[in-house]
Amino acid sequence: MINRKKRFTAAFLALGISASLLFQRPVNATEAENPAPTAISTNEIPNWPQGNDISSTAAVVVEKSTNTILYAKNMEQPLYPSSAVKLMTCLLALENSSLEDQVTMTATGVAGVTDGGANIASQIDEVFTMEQCLYAIMVGSANDIALQVAEHVGGSVDAFVEKMNARAKELGCKDTVFTNPTGLPDENQHTTAYDLARITKAAMDNETFRTIASTNSYTIPATNLSGGDRVLTSSFPLTNPANAAYYQGCLGGKEGFTEASGSVLTCAAERNGMTLICVVLQGAPNQTDNEAISLLDYGFGNFQKLPLGNNDFSVISGGTVVVPATASAENVETKDEKTDDGKIKRQYFFEGTRVGSAVAEIRNTDHNDSILAESEKHLKDAQAFSDAHTNFPYYLIGGIGILFFILLIVKMIHIIKS
């Protein structure tokens, strides 16, 4: 009987092991060490407003003044940038030329007329001002003008592209590679949603760029070769009041599409003293504008700015945080680090997530302690003086006066009775 039980148990265990080997799924080493991350990483932050998923592959919403990331979906995944590249093209031109510069078209620029992208049908030896060129790039998305501006500023397109990549690194971009100033497809050209947000922020810091990026229509007067005006109309929907996707407070942006990149959109918007940068990458045609609007609404509707530096006299600059609308200053933690120039770099955190920063001065505690000690000494000296000089003489004089007054009353009563 016992042998039967042993044989039954052994058979049962063998059956179980065989079944587990038959139905298990192989797991490779990479998958085991690096499990797939959650697409919307900000939804993993405790007590953080939950953002809705979107159909586009990647997106990010960043508050401009504090660099607080409000929403992030695959924000560091390398993807094709399409014509959002032109933000960097215009930014470099603004930083390295004058709006009055005369830009003469060469074969380099005119080649952009036939490259299959947008253009303004420029001609060799046609002359534009740099200001007209920048409007042509941002409003008309003109590839021919982008190529010519690159040659004008960099000496050659290749040299200009080197400047683009160097500037991207200066802005903190981690995974951005530019190969041309137009955004036309190139398998080696890529960026991330977060990198493009960095570039958009730098561009929006430039007042002239904001003016150009928010323009819906621009006219280039007749040039030395053209027979009349060129009227450029922007296809960017969020700044056009006549468009169904118009977004109040939008400061401008750029939208583009290629088969390789899908639909791409980057923009900035301002409401109630808060400016948000929104980037959407690899979306479906005619979809990224609606998704950008929903993400901007999420940001403006669920977060607030708290000026913590107003009540801290040690703060020299910064001191503002962006936290969920339901949070308060008590939910924010600080971490200080001394810098080489004798100041303090202060970081603010909400549930372990960075939400702001400040530069503070180091208080001279030794000096403050000496002042406090001196004050305490004066207070003790005053107390000692008071203790050494009693009020007895005043009590004696007062007692004599009262006694004299009583004797006077007794004398008066005696006179009245007699």
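Give the residues of the range 331-345 that are within 21 Å of M274 (Cα to Cα) and either open to solvent by 100 Å² or more (accessible area, probe 1.4 Å) or assigned to a loop (DSSP other than H, G, I, E, B) (or both), sorted by residue number. Spell out the reasoning first.
Just the residues of the range 331-345 that are within 21 Å of M274 (Cα to Cα), to begin with: 331-332.
Those that are within 21 Å of M274 (Cα to Cα) and either open to solvent by 100 Å² or more (accessible area, probe 1.4 Å) or assigned to a loop (DSSP other than H, G, I, E, B) (or both): none in the range 331-345.
Within the range 186-239, how many residues turn out to be assigned to a loop (DSSP other than H, G, I, E, B) and among the acidic types (D, E)? Talk me through it step by step, then tell me what you get.
From the range 186-239, those assigned to a loop (DSSP other than H, G, I, E, B) are 186-189, 192, 205-206, 214-216, 221-229, 234-236; that's our starting set.
Applying the additional criterion that residues be among the acidic types (D, E) yields 186-187, 205, 229.
Qualifying residue count, the range 186-239: 4.
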Practice item. Report the residue count in the range 216-248 for those that are open to solvent by less than 30 Å² (accessible area, probe 1.4 Å), in contact with a helix residue (DSSP H, G or I) (Cβ under 9 Å, 6 or more places away or on another chain) and more than 18 Å from T288 (Cα to Cα). Key: 3
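Please tell me if S122 is at pLDDT 95 or above, within 16 Å of F178 (Cα to Cα) and touching a Gly at 6+ places or on another chain (Cβ under 7 Å). First the steps, then the outcome.
Numbers: at pLDDT 95 or above: yes; within 16 Å of F178 (Cα to Cα): no; touching a Gly at 6+ places or on another chain (Cβ under 7 Å): yes.
When the stated conditions are applied, S122 does not pass them.
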Review point. Does T66 satisfy being touching a strand residue (DSSP E or B) at 6+ places or on another chain (Cβ under 6 Å) and either touching a residue at least 60 places away in the same chain (Cβ under 8 Å) or surrounded by fewer than 20 Cβ atoms within 10 Å (Cβ to Cβ) (or both)?
Key: yes
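Does V161 qualify as being over 18 Å from the mean Cα position of the chain (by Cα), in contact (Cβ under 8 Å) with a residue 40 or more places away in the chain, outside any loop (DSSP other than H, G, I, E, B) and surrounded by 19 or more Cβ atoms within 10 Å (Cβ to Cβ)? Spell out how you get there, then give the answer.
Working: over 18 Å from the mean Cα position of the chain (by Cα): yes; in contact (Cβ under 8 Å) with a residue 40 or more places away in the chain: no; outside any loop (DSSP other than H, G, I, E, B): yes; surrounded by 19 or more Cβ atoms within 10 Å (Cβ to Cβ): yes.
So V161 fails the test.
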Review point. Are any residues in the range 314-326 under 12 Å from T68 (Cβ atoms) and either exposed (fewer than 14 other Cβ atoms within 10 Å of the Cβ) or among the aliphatic types (A, V, I, L, M) (or both), and if so, which ones?
Key: V321, V322, V323
Check your understanding: Considering the range 327-337 alone, what residues qualify as being touching a residue at least 24 places away in the same chain (Cβ under 8 Å) and farther than 10 Å from F350 by Cα?
Key -> D336
**Study point:** Residue satisfying condition, being surrounded by fewer than 16 Cβ atoms within 10 Å (Cβ to Cβ), modelled with pLDDT of 50 or more and not β-branched (V, I, T), within set Q77, Q102
**Key:** Q102
Study note, to complete from the structure: Here the residues within the range 279-305 that are out of contact with any Gly (no Cβ under 8 Å at 6 or more places or on another chain), of a type in the set (S, T, N, Q) and crowded, with 21+ Cβ neighbours inside 10 Å are T288
**Study point:** Options I40, I45; residue that is at pLDDT 95 or above, farther than 30 Å from F257 by Cα, among the aliphatic types (A, V, I, L, M) and open to solvent by less than 90 Å² (accessible area, probe 1.4 Å)
**Key:** I45
**Study point:** Number of positions in the range 298-338 that are under 16 Å from the mean Cα position of the chain (by Cα) and within 16 Å of V61 (Cα to Cα)
**Key:** 11
Revision key, fill the gap. Picking from L276, L308, the residue that is open to solvent by 40 Å² or more (accessible area, probe 1.4 Å) and touching a strand residue (DSSP E or B) at 6+ places or on another chain (Cβ under 9 Å) would be L308
Exercise for review: State whether the residues of the range 139-156 include one that is assigned to a loop (DSSP other than H, G, I, E, B), of a type in the set (A, V, I, L, M) and open to solvent by 50 Å² or more (accessible area, probe 1.4 Å).
Suggested key: no
Point to revise | Tally, over the range 105-127, of residues that are open to solvent by less than 50 Å² (accessible area, probe 1.4 Å), farther than 14 Å from A150 by Cβ and not small (G, A, S) | key: 4
Study note, to complete from the structure: Expected output for the range 280-304 (first residue assigned to a helix (DSSP H, G or I), partner aromatic (F, W, Y) and open to solvent by less than 30 Å² (accessible area, probe 1.4 Å), Cβ below 7 Å, 6+ apart or cross-chain) is I293/Y247; L295/Y71; L296/Y247; Y298/Y71; G299/Y71
Review point. Since A245 meets every condition but one in (1) under 27 Å from V113 (Cβ atoms); (2) not in a strand (DSSP E or B), which condition does it not meet?
Key: (1)
**Study point:** Pair list, Cβ under 6 Å, 6 or more apart: the range 254-271 residue farther than 17 Å from G183 by Cα, other residue among the small types (G, A, S) and at pLDDT 95 or above
**Key:** A269/G249; E270/G249; R271/G249
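Out of all the residues in the range 204-221, which are aliphatic (A, V, I, L, M), closer than 15 Å to C133 by Cα and under 19 Å from the mean Cα position of the chain (by Cα)?
Of the range 204-221, the ones aliphatic (A, V, I, L, M) are 204, 212-213, 220.
Add one more test, that the residue is closer than 15 Å to C133 by Cα, and what stays is 212-213, 220.
The answer is A213, and nothing else.
The values are calculated or read from the model by the stated rules, or taken from the named source; none is laboratory data. As the structure is a prediction and not an experimental result, all values here were calculated from the model. So basically every Cβ, Gly included, is an ideal-geometry build from the backbone, and we count neighbours across all protein chains shown. What goes into the accessible areas is simple: the full protein's heavy atoms, side chains included, and nothing from ligands, DNA or RNA. Shrake-Rupley method; radii C 1.70, N 1.55, O 1.52, S 1.80 Å.
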